[in-house]
Structures are given as C-alpha cells and as structure tokens.
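Data block below; observations after.
The values are calculated or read from the model by the stated rules, or taken from the named source; none is laboratory data. From a predicted model like this one, the values you see are computed outputs, not experimental measurements. Here the Cβ positions follow ideal geometry from the backbone for every residue, glycine too, while neighbour counts run over all protein chains shown. Remember, those area values only see protein heavy atoms, side chains included, never the ligands or the DNA or RNA. Shrake-Rupley method; radii C 1.70, N 1.55, O 1.52, S 1.80 Å.
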Amino acid sequence: MIKRIWHEWGAVVRIGLLGGVVALYLCLAGLVGVFSERALITGIISLGHTLLVLAGLITGYVGARRAPAGRGRSVLGGGLAGLITGLMLMLLVLVGSRVNLRAVMLNASPLLYDLLTFNQGVAGLWVPVLLGTVLGTLGGLIYRLPPQARRPAIWGLAALLGLGLFAGFLRTPMLTGGLSGLARFLFGPEGLTPAGALITLVLVVGGMVIRDFAEPPARKRIAALPDPDRLRLRRVAIGVGLLLGALVVLALPYALGPFVSQVVALVALYVLMGLGLNITLGFAGLLDLGFVAFFAVGAYTVGLLTSTAEYGIAQWSFWAAVPFAVVIAMAFGAFFGLPILGIRGDYLAIATLGFGEIIRILAGSDLLKPMLGGPRGILNIPKPIDGLLPGHPLAGPNQIYYLALLCAALVAFVAIRLRDSRLGRTWMAVREDEDVAEALGVNLVQTKLLAYMLGAAFAGLGGALFAGLIGSIFASSMQLFVSINVVSLLIVGGMGSIPGVVVGAIFLIGLPELFREFSEYRFLFYGATMIAMMLRKPEGLLPSATIKRELHAEAEEEAPPVDTAAGNATTS
Amino acid sequence: MPILIARQVTKRFGGLVAVSGLDFEIETNAIVSVIGPNGAGKTTFFNCITGFNHTDEGDILFNSTPIHHLRPDKIAHLGISRTYQNIRLFATMTALENILVGQHSHLRSSWMGAVLGVRPTREEEDRAHEEARRLLRFVGLRGKGDVLAHNLPYGDQRRLEIARALANKPKLLLLDEPTAGMNPAETEEMMNFIRRLRDELGITILLIEHQMRLVMGISERITVLDYGEKIAEGTPREIQTNPKVIEAYLGRGGAAEASGRVNPPSVSAMPAPSSAG
C-alpha cells in the first residue's frame, strides 16, 4: 500500500523537496533579504517575496505535472509539493530560532525569519507552510487550466514581473517628458503601483484572450492564401517589423536617456565581436579563446593613432584610424593563425588562450610601457564625431550609440553575405569534416586563415569603437573574461546563427548591465543561465538550423502532422 | 592509355605494411574493382591515390602527372573524386549545399565579390545552384535539395555522396563500398547507376566492393589484394577460378577442396565480409 502510494507520489515529493532546496538557497544566499528592500509592486510585494512566491508557484506547477493521473490529483500534487517546500522553510525558521546559524551562514538573520513569518517570529511558523500550500495549489491550478486560459495567466504574471523590474527605466524618461502624471500613476519610485499592476494584468490577459479569439480566423485566412501571396505577406510583415524596430532603435537614446543608450552601445560592440567570432567558431569551427587579442589590437591602434595625450603618435582623426585598426587586426589574425592552423579541436582553444594572454600581458608590461603606457594606458582619445563636426547635433553622448549600431548592422550584413557565399559554405564544410572538404578541393590553409583574418577584422573594429566609446584604453580592459563572454554569447545565441549573436549579446551583456542595481548577484544569474542553457537548450536560443527549417517550412508542413499529433498524445 | 598508374606503391603504418609494392593500372573509361579480405589494404590504397596518405615508396601517376606527393585538394583539382566506406556527408548542411561544396574546384568568385554582391559572383552562384539541382535529379534526389543531409534515408545519403563527388567533374571516381548495407534490389539499382556514370558521363570508375554480385557483374577487371599485396588480377572469370583468391577468402582447406572439383565454388558464392578493414 505504502509502496504503491510512494510509487505514485514519490516524484511529487521529490519536486517538493527540490523546490524547498531552491527556496532555502534563495534565502540563505541572501537574495530574499537584499531584495526585500526593493518593491515589485509598491506597498504590496517586495522583490524578495516575489522570488519565494515564484518558487512556490513553479514548484506547484511542476509538482502537478508529475502527479499521477486522475481527477483533481494534479492540483493535489501541486499543493503537496508546495506544502513540502513550505515545511522546509518552516524548518529553517525553527532551527534558526534555536541555533545560531549565522556563524556559518551570514544571511540566516532574524531579518530573514521576519520576512518568512511576516514579523511574527516563532509564533508565525504556520505562515510559510500555509503560503507554500496555497501557492503550490495555485501552481497546480494554473497547470490544470486549459491552454487558452493558462497562457494568459502565465504571460500576465511574467509581464508583472518584467515591468516591475524595468519600471525605473520607463519611469525616469516619462517624468521628464509630458507624461509625468501617467508615470506617477503607473510606477512607484521602484516597481509598479498597485494601479499600474492591475492595468498591466488586465491589458496583458485581455490582450491575449482577445488575440486567441480573434486570431484563428485571421490565421486561417492567411493559411488559405496561395503560396506566393503568403510569402509576400510574410516578407511585408518582416519589412514592417524591421522598419518599426529601426525607428524604435533610433529614438531610444532620446526616450530612455544616456544610461540605456550606453548599454545598447556596449551590446552592439559585443555583437560586432560576436559576429567576428561567429565566423571563426560558428562557421569554420575554430575555437578561439584569445579573441580579445584582436580587440586589443584594434583598440590600441586607434588609441596610438588618435590620442592627443602622452603616447599618441599621429593625432589622426578617428575615421582615418579605424580602417587602419581593422587592417592591422586582420594582419594579426594571419600572424596568429598561421602557426596554429594545423592544431585541431581542444588543443587549438588552449593555444589561442595563450595568444590572448600574451597580448594582455604585453600591453600592460614594462617592456612596452614607453609605447603603450603600460597599466596607465592611453588617454584622451577623441570622440569620433566631435572632431569631424564640432557642435553638430549628432555629436554628443549619443554618437557612439549610433556609430556602434551602424557598424553592427554593417558587419551583420557582411556576415550574412559571407555566410551565403561560396566561402561560407566552405567554412561550414571544414567545420563538419575537414578531411572530406580537402578531398573535394578545399585549400584548408587558405580557408582557415581567411576565417581567422575576417573574424579578427570584426573584433578589431569592435576594439576601435571601444576606444572611441571609452576615450581611453588600459591593459586591464583586455581581460580573458572578454573572450569568455564572446564565446558564451555565441553558445547562448546559437552557434553559427547571426540573429543568435544579437540575442546572445542582449541576453548576456545587455540584461546584466541593466540589472546593475542587483550587481552582487549578476554573475549568479549569468552562471545559472549558462547551466540552464546547457541542460535545456544546448543548441542556443536561435539556432541556425531552426531558422533554416523555418525558412523551408512550406516543404515540411505536409509531412510531420501525424508524428507531432502522436507525440503530443504521449507527452500530455 | 591508362588514366592512373601506380608503380611499386608501398605504405607502412609503423611496423604494419598496409600496401606493399603494388603495381596497378586502370584504363581510361574502364570500371575496375579492388577486392580482398578485411585489412587487405584496399582503403589505404584509395587514401594514397587521393592524397590522404602519402606513399612511402613508389609513384602514382594520374594522366602522366605524378600525384603521390600532392595535397588532397590539389588532387581533387586534377579530377579525382571519391566516396567513403562509412558515409561522410556534411551532416548539418542541406543536400544542395553538400553538392555546392563539391563544386568548389570549379568556382572562382572571391569573398569580396560575395560581400559586394557583384554580378559575376551572383551569376556564378546561380549557375552553381542550377548545376547542383541537375546533379540532384541525376542521382534521383529531385526535390530533396533542402533536406539536411543527416535527415536523408541511408540509400539517399549514399547517392548524395556520389552526387557530391560528381560535382567536382571527376575524370576518375573512387567508390569505397558503394553498396554497403544495401539489399539485393538496391544493389542492382546501384550497379546500373554506376554503369550510367561511365556510359553517360565518361568517368573512369574504381571500386572497392564486398558484394560479389556487384563486383562480378560490373567490373571489367578485378584486382585482388591480400595483406597489402596484389595476389591476382584479371577479368571476373579469371578471378573466380583463381586458386590463390579462393585460398585468400576461404583458407587453405577451402582451396584444396575446391581444386578437387570440376566446377570450383565461384567467388560469387563467397560470404561477403560484414565490414572491411
């Protein structure tokens, strides 16, 4: 009997325990405590509590999925999982009130227990248990909802969370504009106001429901169109989307202020470098962990050629120096590439790692100090447009934003053209099987060297812009972490996928920058994301193969329905 | 005139002599097979011709040009293509892209032209795509150009590999076990297809094969290798009755038994080894 029950409910209990461990981790790592100061919805819920609420909801949802089949059992499963999670938090409070956990775990403070029991101390032990059960049941209920209702519910919660987190970025510019009344109504000093939260929820849920009811006929009409018309429609839709996107991007620095535009410029810089490494690693399959070397070469070239301070040698304008920087970076690509072309796989990564470190250490060394300034770096690099058109409206803090975006767009265009060219195909063939490629007449040395050089050129351009953006360069900016970041953004975005580079850069560079207020935990987020990605979506967020399938959707639509229907039946 | 001549070719891997003093010729426009038990050195010989391995001794001449010290890509440029025993397609590229890579030797456009989108490059790409589609049709893969290579069924992958080799416009095509894993009907089809390659495209064909039905049915001449050495050469009929060949395949006892009969067991009845070394 017990064995049978365990067989049926064991998975749910395990999920509950897992949820409890996550909740305990959130508490003991200090996330709950630190973010209890930051409101998500003013006066109603803090971000710290939100984390715990989310833990409860998600535990309930997953627990419901693992519950045995049967009427109402999934809700029961959710409740059970939530109850176990709550019990574990209760245990924490109980133990914490008897034993001094603080000696080992800094964050196990009375403040935390007050947060967990709503300031009732040991008398409030029931609070986490009850809340855990309620939230778990709610999670189970969300799971039980039919898909038409479940999706709006989840999206509504996600929108609350997203807007609550980003409220500051929306509020500040609105306050300076003519919308200050609306801004005060919707957003508190941090997070949403209760009214704002309600409006968000109504808008999102209502919008999704209306979409679900309104769209099927529209979708059917589109599906009924003959192929060429449908393709044209899709093309028009993509065009309009791009145009709107471009407008938003152009207006962004005026709408959201200099901080956001700095972040976007940084993302664009990483997109540049990501597109460069995407050629060497994504297309040609050559893992380069010393990519920052080419970035450094580009930055130092521009620095030396344009600086008006101590180490400047030419005082050129930025624009004359940039092509030079790109060419020099390309030459370095060839120089570094030649000796290591014969190395395959993992060994290549180590060799390139060495190159990256050599450049960083040389730049900061006493040996080259008379030329590169050593740790003091090169200062007074002029801004790109100030020198060209002083006083022009384009000059000013936003110039790098536009310049970086322009360069990223240009480089993306070049990358797309390269990908679709004979060279791009050859790179991919070398990545897949270089022996076979060689037997088909591919000159491996030439092909790999070109991949190195073009990747290096993109990184050099990134470095040149970086010099213009910061206005000074130091050896300490050329850290290994830059290379790791670029590799990571390729992995997150999807190896070899050009849109993936953009998504990866936004995700790994942009979001952490925007979350500066949670600076202590940025790298926790970074690490957790990478692990989750590798477990769940090792191919990346926007893998190129998916895009390929998307493009050829017409050809495949006929065949698979039987398969997918069968798959759905077994999974649900 | 022979299109390919190998003289005293020897290839060693450490102490192992994979190919030893091999003399070999193949006439232009012929279909010739190399057979032999597992580990006889057949694939090593192929690798020597295509430049994967460099010979330790001996010369290989292709249309009177020595090729035994050239890199594989140079040899491909001269007009030698091959397929592989275990299919080696570019798995995550589409069928069409696989063939386009095969055309590499015949495309001239530079990456600069591709970035700038100049007209000669675009025209060359269009022609290459046209040619690739024609090859797809030729090998019977019409309409499968956009399928990723690893999603194709096994037989189609074999044919795609041949199409990719054909894209190089070879004068000499080396097929390493083209019918491995095929049933009799598919083998029959492949046999006819190989004949078409020779008859319609005028390609000289050198085969490694284990399915004796195919070897005996299609080859004009057969070379038998055993332990890296050539033990016999001749027409299918001569090979079928050659005692040395029977010994190599069946062992000494089998050969003795065979020699006692009027009508010896033909090689076509020999068990095909499951895989080659």
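Some notes on this structure:
- Subset of the range A:128-148 (residues that are assigned to a helix (DSSP H, G or I) and free of Cβ contacts under 8 Å to residues at least 12 places away in the same chain): A:PRO147
- B:ARG198 vs. criteria open to solvent by less than 50 Å² (accessible area, probe 1.4 Å) and either polar (S, T, N, Q) or modelled with pLDDT under 95 (or both): yes
- If you go through the range B:90-108 and pick out every residue that is open to solvent by 20 Å² or more (accessible area, probe 1.4 Å), assigned to a loop (DSSP other than H, G, I, E, B) and either within 16 Å of A:ARG417 (Cα to Cα) or more than 7 Å from chain A (Cβ to nearest Cβ) (or both), you end up with 1.
- Exactly one residue out of B:ASP59, B:ASP73 is modelled with pLDDT of 90 or more, in contact with a His (Cβ under 9 Å, 6 or more places away or on another chain) and at the interface with chain A (Cβ under 7 Å from one of its Cβ atoms), and it is B:ASP73.
- The range A:415-450, subset among the acidic types (Asp, Glu) and under 24 Å from B:GLN85 (Cα atoms), residue surrounded by the most Cβ atoms within 10 Å (Cβ to Cβ): A:GLU438
- Number of the condition not met by A:MET453 [criteria: (1) out of contact with any Gly (no Cβ under 6 Å at 6 or more places or on another chain); (2) open to solvent by 30 Å² or more (accessible area, probe 1.4 Å); (3) of a type in the set (A, V, I, L, M)]: (1)
- Beta carbons closer than 9 Å, at least 6 apart along the sequence or on distinct chains, pair a first residue in the range B:230-247 that is over 19 Å from B:ALA30 (Cβ atoms) with a second that is charged (D, E, K, R) and surrounded by 15 or more Cβ atoms within 10 Å (Cβ to Cβ) for B:ILE231/B:GLU247; B:LYS244/B:ASP226; B:VAL245/B:ASP226; B:GLU247/B:ASP226.
- Looking at A:LEU116, A:LEU106, just one residue is open to solvent by 30 Å² or more (accessible area, probe 1.4 Å) and at pLDDT below 90, and that residue is A:LEU106.
- Exactly one residue out of A:LEU266, A:LEU233 is surrounded by 14 or more Cβ atoms within 10 Å (Cβ to Cβ), out of contact with any strand residue (DSSP E or B) (no Cβ under 6 Å at 6 or more places or on another chain) and hydrophobic (A, V, I, L, M, F, W, C): that is A:LEU266.
- Residue pairs meeting the criteria (Cβ under 9 Å; at least 6 apart or on separate chains; first at negative phi and of a type in the set (Val, Ile, Thr), in the range A:192-207; second surrounded by fewer than 19 Cβ atoms within 10 Å (Cβ to Cβ) and at pLDDT below 85): A:THR193/A:GLY43; A:THR193/A:ARG184; A:THR193/A:PHE185; A:ILE199/A:PHE185
- Check on B:PHE138, away from every other protein chain (no Cβ under 14 Å) and farther than 30 Å from B:LEU22 by Cβ: yes
- Hey, A:GLY285 of a type outside the set (Val, Ile, Thr), open to solvent by less than 30 Å² (accessible area, probe 1.4 Å) and in a loop (DSSP other than H, G, I, E, B) or not: no
- Qualifying residue in the range B:173-181 (condition: open to solvent by 10 Å² or more (accessible area, probe 1.4 Å) and without any contact (Cβ under 8 Å) to a residue 60 or more places away in the chain): yes
- Restricting attention to the range A:272-282 and to residues that are among the aliphatic types (A, V, I, L, M) and open to solvent by less than 10 Å² (accessible area, probe 1.4 Å), the residue that is nearest to A:GLY354 (Cα to Cα) turns out to be A:LEU277.
- Checking A:ARG360 against (1) buried (at least 22 other Cβ atoms within 10 Å of the Cβ); (2) within 14 Å of another protein chain (Cβ to nearest Cβ); (3) under 21 Å from A:GLY462 (Cα atoms), the condition it does not meet: (2)
- Residue under evaluation A:PHE324, criteria (1) in a loop (DSSP other than H, G, I, E, B); (2) free of Cβ contacts under 8 Å to residues at least 40 places away in the same chain; (3) touching a helix residue (DSSP H, G or I) at 6+ places or on another chain (Cβ under 8 Å); (4) of a type outside the set (A, V, I, L, M), criterion not met: (1)
- Pick from the range B:54-108, criterion under 19 Å from A:ARG425 (Cα atoms) and among the hydroxyl-bearing types (Ser, Thr, Tyr), ranking: nearest to the chain's Cα centre (by Cα): B:SER81
- Total residues in the range A:30-82 satisfying the condition of being among the basic types (Lys, Arg) and either within 20 Å of A:LEU161 (Cα to Cα) or without any contact (Cβ under 8 Å) to a residue 40 or more places away in the chain (or both): the figure is 3.
- Per-region count, the range A:323-350, residues of a type in the set (Gly, Ala, Ser), modelled with pLDDT under 90 and surrounded by 13 or more Cβ atoms within 10 Å (Cβ to Cβ): 2
- Residue in the range A:386-410 that is modelled with the highest pLDDT, counting only those that are in contact with a helix residue (DSSP H, G or I) (Cβ under 9 Å, 6 or more places away or on another chain) and in a loop (DSSP other than H, G, I, E, B): A:ASN398
- Residue satisfying condition, being more than 14 Å from chain A (Cβ to nearest Cβ), in contact (Cβ under 8 Å) with a residue 60 or more places away in the chain and of a type in the set (S, T, N, Q), within set B:SER64, B:SER81, B:SER33: B:SER33
- For the range A:105-127, the set of residues classified as among the polar types (S, T, N, Q), assigned to a loop (DSSP other than H, G, I, E, B) and within 27 Å of A:ARG14 (Cβ to Cβ) consists of A:ASN107 only.
- Some residue of the range A:77-96 being open to solvent by 70 Å² or more (accessible area, probe 1.4 Å) and farther than 22 Å from A:LEU51 by Cβ: no
- Sole exception among (1) among the hydrophobic types (A, V, I, L, M, F, W, C); (2) buried (at least 22 other Cβ atoms within 10 Å of the Cβ); (3) under 15 Å from A:PRO382 (Cα atoms) for A:ALA320, by number: (2)
- Of the helices (runs of 4 or more DSSP H) entirely within the range A:411-499, those holding at least 1 residues that are within 11 Å of chain B (Cβ to nearest Cβ) and among the hydroxyl-bearing types (Ser, Thr, Tyr) occupy A:422-432, A:444-470.
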